[in-house]
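**Q** Sharing a structure here in C-alpha cells format.
The values are calculated or read from the model by the stated rules, or taken from the named source; none is laboratory data. Given the structure is predicted, the values throughout are model-derived calculations rather than measurements. Please note: Cβ atoms are built from the backbone with ideal geometry, for glycine as well, and neighbour counts cover all protein chains shown. Keep in mind that these areas ignore ligands, DNA and RNA; they rest on the heavy atoms of the full protein, side chains included. Shrake-Rupley method; radii C 1.70, N 1.55, O 1.52, S 1.80 Å.
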Amino acid sequence: MAEAHQAVAFQFTVTPEGVDVRLSREALKQIYLSGVAAWKKRFARIRNSVLTGVYPATPSSWLVVVMATVSSMYCRIDLSMGLVCHIRRYLPGCRYLSFQHRTLLSAALFSTGVWLSGILLCRQSLKLLLSYHGWMFEPHGKMSRSTRVWVALVKVMSGRKPMLYSFQTSLPKLPVPSVEATIHRYLESVRPLLEDEKYLKMEALAQAFQQHTAPRLQKFLVLKSWWAPNYVSDWWEEFVYLRGRGPIMVNSNYYAMDFLYVTPSPLQAARAGNTVHAILLYRRKLDREEIPPVKALGIVPMCSYQMERMFNTTRIPGMKSDTLQHVLESKHLAVYHKGRFYKLWLYQGGKLLKPRDLELQFQRILDDPSPPQPGEEKLAALTAGERVPWAEARARFFSQGKNKVSLDAIERAAFFLALDEEAQGYERDREDSMDRYGKSLLHGRCYDRWFDKSFTLVVYKNGKVGTNAEHSWADAPIIGHLWEFMLGTDIFHLGYSEGGHCCGEPSPALAPPQRLQWDIPEECRKVIDSSYRVAKALADDVDFHVFPFTNFGKGLIKRFKISPDAFIQISLQLAHFRDKGSFCLTYEASMTRLFREGRTETVRSCTRESTAFVRSMMDPARGQLERLQLLQVAAEKHQHMYRLAMTGAGIDRHLFCLYVVSRYLRVESPFLAQVLAEPWRLSTSQTPQQQIKMFDMEKNQDHVSSGGGFGPVADDGYGVSYIIAGENLITFHISSKFSSPETDSRRFGRNIRQAMLDIADLFNLPASKVAN
C-alpha cells in the first residue's frame, strides 16, 4: 500500500470540520522532476533540429560572419558591394532605430543571407560529390587519383562531428534507371534459368513492353522521383508490407540472436535488467542524435531515416491496409510472462531506472503467482494470424473500456518484452539446440510475442536473449545496429556482480509493475483461438536449421582474393544445385542507403557465370585451373551486380515501381505480371557487423554474434541468412517448410558445408582441417 500512496499527489477526506487535504511531497516532487525532464527533452529536440538544419555550418559560424561584415564596415571596406546600404533603405523608419542601428540590422540581414547561401552551396556540393560512385567499382586495394581527390573533398565538405541526421538533406535521390538498361539486365539474369523456347517468349514480352507500355509508365515514375525523396520506399512499405493480409509471423518478421558461446548472466531478471537498460541508453542517444551516422568505408554517409521509428512504434491492423503508429515519447514497457501482460514504468523522477531497479521489477513479475485472466494468455495470437480478423476484433472488442486502455499500453510502449519460461541457446552436445533457438525467436508459441511491435525483446529462463522484429518500419541492419550496441553495452560496460545480478543496489520503494486488465468476451476468444490455429499451423510447418561453420571464415577466403560474400553466394548456388538438381531465381538483399530514404534492392545471384562454375564442379572432366578461372569470373560478376544494386542500377525495384504505376493507370502488362509472379526459391541475406570495434574480436573471440534469420519466402524454397563473424566463423540460418517434399533444411545445410569445403579445396589448401 505504501507504493500506492506515493503514486497519489494529494488526498482529501470530508469531515464535520470541512475538507481535510493532504499533500504527498514525494509525489509532487516526482511530478516536478518529470516535468523538468520533459522540458529538457523538448529543448534538446529544438536544439538538435537547429544544429541539423544548419549543418555543415554551426550557429556560432553565423556570428562569425556577422562580426566579419560589421568589422569590415567599421574599417570602411564594403564586402557587401553596396547591398547593406540597399537593405537599409528598405527598412521601415522607426524612431527607436537610429541610423547606426539600422546599419547594424542591415549588416546582420546581409550576413544571414550569405551564411544561408553558404550552407545551401555546401549541401549541394556535397550532394554532387555523393552522387559519384566510381570509387565502388575500382579494384580492391587500388584507388585512382580522381577518387583520392574526391575522398578529400567529401571529408572537407562533410564538416566536423555530424549528428545522426546531419547528412539527410545532402544525400542524393535514388536515380530512376532507363527502361532499356533494366530490361537488358533482367533478360541477362533469367537467361541461365530458362530454356531457349521460354527465353525467346520472355524476350518478346520484354521487347513489346519496352517499346509500347514502358515509356508512358517511365514518365510518371520520373515525375515522382522529382517530387518524392525516394521513388521506391513509400510504395515498397505500403504494397510489400502494410497491404499484406496474411500473417506477418514467419512470412515477414525476422529475428536476431544472442552471443553464440557466451551468456553474461544465467539470471533471467538480471539479464533483462541490463539489456533493457542498454536498449534505453541507445534510445536516449537516438533521441539526442548522438549516434554518429553510419558511413561506408568511414567516409560516405548513409541514410538514417529508418531509425526514426525504431522505438514507440506499432503496426496497427486495417481491413485493406495496415498503418504504422509512432508516438513521440513513451515512458513504459509492455511485458509478457506466463500469459499475463504488465505495464512497467521505465523512469522515476525523470531519470531512467538503473539496471538493478529493472532487475527488481522483472523479478517481481517472475514471482507473481496470479493466473491469466480469461482470454488473456493467447491474446497476442491475434497479431500472429491473418490481418483482417485482427482488424475486425480490434475495432469491435478493443475500442473502449479497460480493453482499450490495456491495448494502448502495449501499442504505445517503447517496445515489448517477453520473459520466456524455457531455456534456449547453443549447446555443443545437442545438435538441434540452435534450430530450436531460431524457431523460438521466429514464432515462439505463436502467442508470447507481440508481432506488431517494432521489436520484441525475448529473455529466456537461462539468461539467453533474442529479438523478433517487425519488417515494415525498417530493414535488418537498423535493428542490427541497436542489437550490437545492446550486446556490447551489456557485457563490456554495465556488467554483473559475482552472483550474476546487475550492479548496484535496488530501490525497494519502487511501485511494482502494473497488471493490465482485460474483459475479453467469449466471441473474441473464438477469434483468438482461430488466429492461434492459423499461426500454429504456419509455425509447425517451418523447418529450421542453424549451424556455425567453423572450418574457416573470411580470413581464409580473403587469402583466396575473393569477396567473402561472393564466395558464400557461389557456394549457395553449388549447394542448391546439389540439393535440387537445378538452378533457381535467387534473391540477395542489398541496401540502397547511399541515397535518401533508401531501403533495399535485389541482387540476382544466379548468373550465367555462377552457373557455369557450378556445372564445372559437377563435371569430373573439368580441370582445377579451369574451375578456378570460372570461380574468379563468377565472383567478379557477383560483386559487379552487388555494386550496381547499391548504386541504384538494380532490376527489381524499378520493375516493381513500373508495375505499381501500371496498376494506378489501369494498364495491363503481361511482362510485368509475369516478372512479379516469379517465385524466389532461394532467398538470401547477409547480416552485417557495423560496430566491430565495440567488441575487439582479437581479445574477445568468444563474444561473437550468432546473427539472425527469417522464414522461407517460397513454399518450396529456402531462406538463408548468414553472418560472417570474426575471421574464422560463419553462422548460417536456413529455413524451409516441412510440407514441401523438395526441401530439407538440414540436408541443405550439409550441402552448404560441403560446397564451402569443396570450393576452398580448389586452392590446394587443407581448409577442411583448419581449426577454428
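**Q** Within segment 472-508, work out how many residues are under 23 Å from Tyr336 (Cα atoms) and open to solvent by 50 Å² or more (accessible area, probe 1.4 Å).
**A** 2
For every residue, the table says whether it meets (1) within 30 Å of Ser563 (Cβ to Cβ); (2) modelled with pLDDT under 90.
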| site | (1), (2) |
| --- | --- |
| Phe110 | no, yes |
| Gly113 | no, yes |
| Val176 | yes, no |
| Lys198 | no, no |
| Leu205 | no, no |
| Ala208 | no, no |
| Gln211 | no, no |
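**Q** Pairs only if they're at least six apart or on different chains, beta carbon under 9 angstrom, first in segment 213-226 and modelled with pLDDT of 95 or more, second among the hydroxyl-bearing types (Ser, Thr, Tyr) and open to solvent by 30 Å² or more (accessible area, probe 1.4 Å); list them, first residue then second.
**A** Leu217/Tyr659; Gln218/Ser178; Phe220/Tyr664
**Q** Something else: Restrict the check to segment 182-201 and report whether at least one residue is farther than 20 Å from Ala673 by Cβ and of a type in the set (A, V, I, L, M, F, W, C).
**A** no
**Q** Ser321 passes all but one of (1) under 26 Å from the mean Cα position of the chain (by Cα); (2) among the polar types (S, T, N, Q); (3) closer than 30 Å to Ala44 by Cβ; which number fails?
**A** (3)
**Q** Would you tally the residues in segment 362-388 being more than 19 Å from Ser454 (Cβ to Cβ), in contact (Cβ under 8 Å) with a residue 12 or more places away in the chain and not in a helix (DSSP H, G or I)?
**A** 12
**Q** Moving on. Among what's in segment 521-548 and is within 30 Å of Ile759 (Cβ to Cβ) and touching a helix residue (DSSP H, G or I) at 6+ places or on another chain (Cβ under 6 Å), pick the residue that is surrounded by the most Cβ atoms within 10 Å (Cβ to Cβ).
**A** Once the filter is applied, the top-ranked residue is Val546.
**Q** OK, next. Quickly run through segment 660-685 and pick out the residues that are over 30 Å from Ser740 (Cα atoms) and part of a helix (DSSP H, G or I).
**A** Val660, Val661, Ser662, Arg663, Tyr664, listed by residue number.
**Q** Out of the residues in segment 420-447 meeting the condition of being touching a His at 6+ places or on another chain (Cβ under 9 Å) and either of a type in the set (D, E, K, R) or surrounded by fewer than 23 Cβ atoms within 10 Å (Cβ to Cβ) (or both), tell me which one is nearest to Ser705 (Cα to Cα).
**A** Ranking the candidates gives Asp435 first.
**Q** Within segment 436-471, which residues are under 23 Å from Val534 (Cα atoms) and touching a Lys or Arg at 6+ places or on another chain (Cβ under 6 Å)?
**A** Cys446, Tyr447, Asp452, Thr456, Asn468, Glu470
**Q** Given the condition over 28 Å from Ala677 (Cα atoms), at pLDDT 95 or above and of a type in the set (Asp, Glu), answer yes or no: does some residue in segment 595-607 qualify?
**A** There is no residue in segment 595-607 that is over 28 Å from Ala677 (Cα atoms), at pLDDT 95 or above and of a type in the set (Asp, Glu).
**Q** Among residues belonging to segment 332-356 that are part of a strand (DSSP E or B) and out of contact with any strand residue (DSSP E or B) (no Cβ under 9 Å at 6 or more places or on another chain), point out the one that is surrounded by the fewest Cβ atoms within 10 Å (Cβ to Cβ).
**A** The extreme case among them is Lys351.
**Q** Follow-up question, since we're still on this one. Scan Glu359, Glu431 and give me the residue that is modelled with pLDDT under 95 and either outside any loop (DSSP other than H, G, I, E, B) or of a type in the set (Asp, Glu) (or both).
**A** Selected residue: Glu431, the only one of Glu359, Glu431 that is modelled with pLDDT under 95 and either outside any loop (DSSP other than H, G, I, E, B) or of a type in the set (Asp, Glu) (or both).
**Q** Given (1) more than 20 Å from Arg604 (Cβ to Cβ); (2) in contact with a helix residue (DSSP H, G or I) (Cβ under 9 Å, 6 or more places away or on another chain), where does Arg160 come up short, assuming only one miss?
**A** Result: Arg160 fails condition (2) only.
**Q** All but one of (1) assigned to a helix (DSSP H, G or I); (2) in contact with a Leu (Cβ under 9 Å, 6 or more places away or on another chain) hold for Pro56; state the number of the condition that does not hold.
**A** The single condition Pro56 does not satisfy is (1).
**Q** Within segment 291-326, which residues are part of a strand (DSSP E or B) and surrounded by fewer than 20 Cβ atoms within 10 Å (Cβ to Cβ)?
**A** Listed by number, the residues that qualify are Lys295, Ala296, Ile316, Thr323, Leu324, Gln325, His326.
**Q** Quick check: is even one residue across segment 436-453 hydroxyl-bearing (Ser, Thr, Tyr), over 24 Å from Thr600 (Cα atoms) and assigned to a helix (DSSP H, G or I)?
**A** Yes, segment 436-453 has at least one match.
**Q** Take the residues of segment 222-246 that are assigned to a helix (DSSP H, G or I) and not hydrophobic (A, V, I, L, M, F, W, C): which is most open to solvent (accessible area, probe 1.4 Å)?
**A** Filtering segment 222-246 for residues that are assigned to a helix (DSSP H, G or I) and not hydrophobic (A, V, I, L, M, F, W, C), the one most open to solvent (accessible area, probe 1.4 Å) comes out as Asp234.
**Q** Can you tell me which of Ala391, Ala414, Ala418 is of a type in the set (A, V, I, L, M) and either assigned to a helix (DSSP H, G or I) or at positive phi (or both)?
**A** When all the criteria are applied, what remains is Ala391.
**Q** Ok, one more. Would you confirm, using the coordinates I've provided, whether Glu329 is surrounded by fewer than 18 Cβ atoms within 10 Å (Cβ to Cβ), assigned to a loop (DSSP other than H, G, I, E, B) and within 26 Å of the chain's Cα centre (by Cα)?
**A** yes
**Q** Any residue in segment 620-634 that's part of a loop (DSSP other than H, G, I, E, B): show its pairings with residues that are of a type in the set (S, T, N, Q) at Cβ separation under 8 Å, as long as the two are six or more apart or on different chains.
**A** Arg622/Ser616
**Q** Please verify whether Leu631 is on the phi < 0 side of the Ramachandran plot, open to solvent by less than 10 Å² (accessible area, probe 1.4 Å) and over 30 Å from the mean Cα position of the chain (by Cα), treating the condition exactly as stated.
**A** Taking the combined requirement at face value, the residue satisfies it.
**Q** Sort out which residues of segment 363-391 are of a type in the set (S, T, N, Q) and either surrounded by 15 or more Cβ atoms within 10 Å (Cβ to Cβ) or in contact with a helix residue (DSSP H, G or I) (Cβ under 7 Å, 6 or more places away or on another chain) (or both), and write them in order of number.
**A** Gln363, Gln373, Thr383
**Q** Given the options Leu23, Leu33, name the one that is open to solvent by 50 Å² or more (accessible area, probe 1.4 Å), modelled with pLDDT under 70 and closer than 25 Å to Leu286 by Cα.
**A** That would be Leu33, the only listed residue that is open to solvent by 50 Å² or more (accessible area, probe 1.4 Å), modelled with pLDDT under 70 and closer than 25 Å to Leu286 by Cα.
**Q** Moving to a separate point now. Is it fair to say Val276 is of a type in the set (A, V, I, L, M, F, W, C) and under 20 Å from the mean Cα position of the chain (by Cα)?
**A** yes
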